[in-house]
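Colleague: The structure under discussion is supplied below as structure tokens; questions concerning it will follow.
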Amino acid sequence: MIGIFVQGLYKEGLTPIDVVALRVLGSALVLFPFLALCKWHLLKIRLRDLPFFAS
């Protein structure tokens, strides 16, 4: 199913890495609001874990 849309994006001139970036962005835009509203505790980061998110 996804392959149908991907082929169209390739025809529009997007590269495979562009398509991956769009998929990741789309997923983040759907999942982040859900987590923020329903499971906000999953978004908490411990201070000692912060260096892992800096890179």
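The values are calculated or read from the model by the stated rules, or taken from the named source; none is laboratory data. Computed from a prediction, not measured in an experiment: that's the story for all the values here. Heads up, the Cβs are rebuilt from the backbone with ideal geometry, glycines too, and the neighbour counts pull from every protein chain shown. When the accessible area is computed, the model is the full protein with side chains, heavy atoms only, and any ligands, DNA or RNA have been set aside. Shrake-Rupley method; radii C 1.70, N 1.55, O 1.52, S 1.80 Å.
Colleague: Has the range 42-51 got at least one residue that is out of contact with any His (no Cβ under 8 Å at 6 or more places or on another chain), among the acidic types (Asp, Glu) and open to solvent by 100 Å² or more (accessible area, probe 1.4 Å)? Don't jump to the end; show me each part of the working.
Modeller: First, pick out the residues of the range 42-51 that are out of contact with any His (no Cβ under 8 Å at 6 or more places or on another chain): 42-51.
With the extra rule that they be among the acidic types (Asp, Glu), the set shrinks to 49.
When the remaining residues are screened for being open to solvent by 100 Å² or more (accessible area, probe 1.4 Å), the result is none.
No - not one qualifying residue is present in the range 42-51.
Colleague: Looking only at the range 4-55, count how many residues are under 15 Å from the mean Cα position of the chain (by Cα) and polar (S, T, N, Q).
Modeller: Of the residues in the range 4-55, 1 are under 15 Å from the mean Cα position of the chain (by Cα) and polar (S, T, N, Q).
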